[in-house]
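The block underneath contains the structure these notes are about, expressed in structure tokens.
Every number in this text was worked out from the coordinates using simple rules, so none of it is lab data. Everything quoted here is computed from the prediction, not taken from an experiment. Glycine also receives a Cβ, built like all others from the backbone with ideal geometry; neighbour counts cover every protein chain displayed.
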Amino acid sequence: MRLPVIKHLQEFIEKTDEDYLVEAIDVLEHLTELESLKDEELDVIGELLSNMYGALEVQKEIANGTPKKEAMNAFMKRVVGSIDK
């Protein structure tokens with residue numbers, strides 16, 4: 001996951017609607033079922049999906065009243081913390 005990508009996606013959600021991101025996730029998840037995809041292509045799709053899910057998580061925290069910067073930092077701490085375990 002990359003914080004700049006998550007931040008950019010979260011700004012997109014603010015300008016439009018999170019439904020666009022949810023629909024894009026649905027399309028990408030459907031693509032992963034294609035048997036002819038190469039491992040590298042699946043890796044790219046997986047990275048996109050993880051960033052999109054991250055942006056949705058940050059947006060949920062912001063909607064619950066957490067300031068944007070704090071929501072971003074808390075999310076990344078959770079991600080790094082789960083990797084370290």
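Please list, by residue number, everything in segment 20-40 whose backbone N is under 13 Å from a paramagnetic label point 7 Å out along Cα→Cβ of Ser50.
Of the residues in segment 20-40, none has backbone N under 13 Å from the label point off Ser50.
Looking only at segment 32-50, which residues have a backbone nitrogen under 17 Å from a spot 7 Å from the Cα of Val79 in the C-beta direction?
Inside the label zone: 43-50.
What ranking, highest mean first, results for peptides 5-18, 45-58, 25-38, 68-81 when packing means the other Cβ atoms within 10 Å averaged over each residue?
45-58, 5-18, 68-81, 25-38
Per residue of segment 21-38, what does 6.51 cos²θ - 1.76 cosθ + 1.60 with θ = phi - 60° give for ³J(HN,Hα)? Whole Hz please, x for Gly and Pro, Karplus curve as stated.
Calculated HN-Hα couplings, in order: 5, 4, 5, 5, 4, 4, 5, 5, 5, 5, 4, 5, 7, 6, 5, 7, 5, 7 Hz.
Quickly work out the Val22-to-Leu34 label distance, labels modelled 7 Å from Cα along the C-beta direction, and quote it in nm with one decimal.
About 2.5 nm, to one decimal.
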